[in-house]
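Asks: Mind looking over this structure? Questions follow.
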């Protein structure tokens, strides 16, 4: 087999020209399109990863917000419970103070009425004593009659009350 060098060189030159033309007009744009596609896929993967991270962050923030809201609700309920307990204690203390005040007022009223009754009784006893004394002086009776008269007036005083 004999090699035809002129045909071989022409084929190599033709191959190189064809390769350069393909490189410039076919491979260059084709590789450019493939590179753009590769970059587009990488960007989409990056965007999806960023979106996933954002979603995870938002879910975590929502969990924290929900937990904070539950804590605030619990605090509000506890504060309301304490306030109602304090108000109940205040109402009870006021009721007790009012009861003590009313009791003291009633005791004072009773004491005043008692003093009035004692004063009225003393007044009546004084009037009776004067009446007895005048009757005794009028009658000038003996001692036995005087005792009977005093007992009679004391019975009258006791019956008038």
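The values are calculated or read from the model by the stated rules, or taken from the named source; none is laboratory data. All values reported here derive from a predicted model rather than from experimental measurement. For neighbour counting, all protein chains shown are included, and Cβ atoms are generated from backbone atoms with ideal geometry for every residue, glycine included.
Asks: Quick one: would you say residue 23 is surrounded by 10 or more Cβ atoms within 10 Å (Cβ to Cβ), in a helix (DSSP H, G or I) and at pLDDT 95 or above?
Replies: no
Asks: Taking interchain pairs and intrachain pairs at least six residues apart, which have beta carbon atoms under 8 angstrom, with the first residue in the stretch 43-66 and at negative phi and the second part of a helix (DSSP H, G or I) and modelled with pLDDT of 95 or more?
Replies: So the pair list comes out empty.
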